[in-house]
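All of the numbers you see were taken from the coordinates with simple rules; none came from a lab. From a predicted model like this one, the values you see are computed outputs, not experimental measurements. Here the Cβ is made from the backbone with ideal geometry for all residues, glycine too, and neighbour counts use every protein chain on show.
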Amino acid sequence: MPDVDSLDRLRAEVCDCHRCPRLVSWREQVAVEKRASYRDQIYWGRPVPGFGDQRARVLVLGLAPAAHGANRTGRVFTGDRSGDWLFRSMHRAGLANQPVSVSADDGLRLRDAWVTAAVKCAPPDNKPLPDERDACRPFVRRELALLERVEVVVCLGAFAYAAACVEFGVRPRPRFGHLAEIATPAGGPTLVCSFHPSQQNTFTGRLTEDMLDAVFHRAVELARQRRRS
């Protein structure tokens, strides 16, 4: 019988990964030391796989799990302020059944969307090293291959955008900018760029909710247009 890949198999392999010693040490240290406000909670403390609708036409690609967000809850963009912004916007665009994402069992369901990260473990200072990014590339490549219906990739931040350009063979890489749209070779998905909904961007006004909404409404529009063509 042929060796068939699947999203369930990929999830299991991601969750069991120990490829990057620095990331393994950090994610586990955070899970033990914890933030004071979460001291009574059990942290996930492992790599965080993607989740969503397996028939998704819109894929959301972030940087990496947050130390006290996804590294705590076990679901990407869940339990931190970046996730609050992300899922409120996705809900307004019709891609999520609710605007909140606080835990892995909170009832959140995505419609026609999948959310994942270029690096699967929480990195110190939210800054993965190049070799750590490269160690995760096989996971990202398999994820993209298994999500066969994806028409649009929303890239949250320059790091995710660069990772998407590598995976889809975009050369030379156009300059990153909010709401920039980039075609990929051989009829691949359209990349739509957004500033990352980090506190640094949202607190300073570099990214507003209207700006993020514009990204997701455009992503939905593009997916519909490509579906008809």
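Which of the three applies to region 1-90, rounded, prolate or oblate, going by the alpha-carbon gyration tensor with a ≥ b ≥ c and a/c under 1.5 meaning rounded?
Details: a/c = 2.44, a/b = 1.25, b/c = 1.95.
Oblate shape, in that a/c is at least 1.5 and b/c is the bigger or equal ratio.
Taking only Cα atoms and a 10 Å spring cutoff, compute GNM fluctuations for the chain and point out the largest among Val152, Val24, Val58.
Most flexible of the set in this elastic network: Val24.
Restricting attention to the alpha-carbon atoms of the chain, what are Rg (one decimal) and Dmax (integer), both in Å?
Computed over the Cα atoms of the chain, radius of gyration and Dmax are 16.6, 55 Å.
If you filter region 123-179 for GluC sites (Glu not before Pro), then keep DSSP loop positions with at most 14 other Cβ within 10 Å, what is left? Present the calculation step by step, with values, prior to reporting the outcome.
Working: sites: Glu132, Glu143, Glu148, Glu151, Glu167; in loops: Glu148, Glu151.
Loop-located and lightly packed - Glu148.
For a paramagnetic label modelled at 7 Å from the Cα of His178 toward its Cβ, which residues of region 199-229 fall within the zone defined by backbone nitrogen distances under 14 Å?
Backbone N within reach: 199-216.
Karplus couplings for region 47-53 from phi (6.51 cos²θ - 1.76 cosθ + 1.60, θ = phi - 60°), rounded to Hz, Gly and Pro as x?
Couplings: x, 10, x, x, 8, x, 8 Hz.
What is the Cα coordinate range of region 55-144 on the first, second and third principal axes, sorted by size from largest, in whole angstrom?
36, 27, 19
5 Å is the cut-off here: which amide hydrogens, built 1.01 Å from N in the peptide plane, fall below it relative to Ala96, excluding neighbours closer than 5 in sequence?
His91, Arg111
Quick check on the chain: of the DSSP beta bridges with both residues there, what percent are antiparallel, nearest 5%? Show your work: numbers first, answer last.
On the way: 5 of 19 bridges.
Around 25 percent of the beta bridges assigned by DSSP in the chain are antiparallel ones.
Pop the C-beta distance of Glu33 and Val102 into the FRET formula with R0 = 25 Å and round what comes out to the nearest 0.05.
Approximately 0.70, to the nearest 0.05.
Could you list the trypsin sites (Lys or Arg not before Pro) in region 129-188 that lie in coil according to DSSP, counting only those with at most 11 other Cβ atoms within 10 Å of their Cβ?
Values: sites: Arg133, Arg141, Arg142, Arg149, Arg175; in loops: Arg149, Arg175.
Passing sites in region 129-188 are Arg175.
What are the ³J(HN,Hα) values, in whole Hz, obtained from phi via the Karplus relation 6.51 cos²θ - 1.76 cosθ + 1.60 with θ = phi - 60°, for each residue of region 60-77 in sequence order, with x given for Gly and Pro?
Result, ordered by residue: 9, 10, x, 7, 6, x, 7, 4, 10, x, 5, 5, 8, 8, x, 10, 4, 6 Hz.
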